[in-house]
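One structure below.
Please treat every number below as a calculation from the coordinates, not as lab data. All values derive from a computational prediction rather than experimental measurement. Ideal geometry is used to build each Cβ from the backbone, glycine not excepted, and the neighbour counts take in all protein chains shown.
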Amino acid sequence: MRVLITGASGFLGSAVCDALLARGDETVGLSREPERARRGNPTVTWHAWNPTAERPTAGAIEGVDGVINLVGEPIGQRWTEPAKRRIRDSRERATKNLVDAISAADPRPGTLVSQSGVGYYGDRGEALVDESAEPGSTFDAEVCVAWEAAAREAEKVGVRVVVTRSGLVLDPEHGLLKQLLLPFKLGVGGPLAGGGQYMPWIHVDDEVRLLLWGMDTDQASGTYNATAPNPVPNREFSKALGRVLGRPAIVPVPKLALKARFGDELGEVAAGGQRAVPRRAVDAGFEFHHPELEPALRDLLRR
């Protein structure tokens, strides 16, 4: 297969490219700086793209069998009004531009797998949340609704669309786990904002496998929660990470500290969570290699 990946130079996009190349597929990547991206990964065919300003070129889409859309400005930043515009445009507008290019292609790619996030649901407390749940009302939820709607426009031209609502992707070199490792190793880690909020986590390898499953499986369509089957409250996550590292996990981080770091709006969202479960993927036969948290952490940290 020939697969186009947006966000291909990011941590998740790079992992997807590696997985595709390992099984013999050809990968095409889009980047604002294709020469720099080529130096970082010369095995990918790179094309220039400014996601919020233009469509990908026809040459980038030519001969592509499937598209995996991972584009998006990091959401873990203070939500100032300019940041909010960048976050939303980098998802909604960029995905619209991508879908416009797919629609204009002849022949078109058969499949679009487009990422979203469990922030779609807002804070749901202890309630189990599957893909049938309604969206929340927070900023990140509104972004996810618009992002997904932009992707689903491709269905109008006969493209099979799979949307993955990703949870907290665990990787020791990136994201949340990387941020937590230093304080936990120093013995000053602990639960956030009381620790009762659920964390819909997923091992990076399962995240990549689910994205490729969505592309490969002709029967797959619609929305899938990209989360491990067993979400845990933050206090349990903290205890498990402490056990794996052989360090205490008893120093709490109050909600006020989250707000001081991320601002009131994102701090409030970070203190909430979703007990999201991947009901549709499991029902369709997808098997998680890392369904339980502590074994997943031990695999990631090789302990």
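Give the range 264-293 a look and list any residue that's surrounded by fewer than 16 Cβ atoms within 10 Å (Cβ to Cβ) and either among the acidic types (Asp, Glu) or more than 11 Å from Ala228 (Cβ to Cβ) (or both), or say none.
Within the range 264-293, Asp264, Asp283, Ala284, Gly285, Glu287, Glu292 meet the criteria.
Determine if the range 246-258 includes at least one residue that is under 26 Å from Glu134 (Cβ atoms) and in contact (Cβ under 8 Å) with a residue 12 or more places away in the chain.
Yes.
Quick check on my filter: what residues within the range 148-202 are among the acidic types (Asp, Glu), loosely packed, with under 15 Cβ neighbours inside 10 Å and either in contact with an Asp or Glu (Cβ under 8 Å, 6 or more places away or on another chain) or without any contact (Cβ under 8 Å) to a residue 60 or more places away in the chain (or both)?
Answer for the range 148-202, where residues must be among the acidic types (Asp, Glu), loosely packed, with under 15 Cβ neighbours inside 10 Å and either in contact with an Asp or Glu (Cβ under 8 Å, 6 or more places away or on another chain) or without any contact (Cβ under 8 Å) to a residue 60 or more places away in the chain (or both): just Glu155.
Checking the condition within 30 Å of Gly267 (Cα to Cα) and of a type in the set (A, V, I, L, M, F, W, C), which residue from Ala53, Ala48, Ala8 passes?
Ala8
One line per residue, one yes/no per condition, for (1) touching a Phe, Trp or Tyr at 6+ places or on another chain (Cβ under 9 Å); (2) assigned to a loop (DSSP other than H, G, I, E, B); (3) over 30 Å from Glu153 (Cβ atoms); (4) among the basic types (Lys, Arg):
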| residue | (1), (2), (3), (4) |
| --- | --- |
| Gly187 | no, yes, yes, no |
| Gly195 | yes, yes, yes, no |
| Asp205 | no, no, yes, no |
| Arg209 | yes, no, no, yes |
| Trp213 | yes, no, no, no |
| Arg235 | no, no, yes, yes |
| Glu265 | yes, no, no, no |
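Given the structure, is Ile75 within 15 Å of Phe139 (Cα to Cα) and in a loop (DSSP other than H, G, I, E, B)?
Yes, satisfied.
Which of the residues spanning the range 1-27 are out of contact with any helix residue (DSSP H, G or I) (no Cβ under 6 Å at 6 or more places or on another chain) and in a strand (DSSP E or B)?
Matches in the range 1-27: Arg2, Leu4, Thr6, Glu26.
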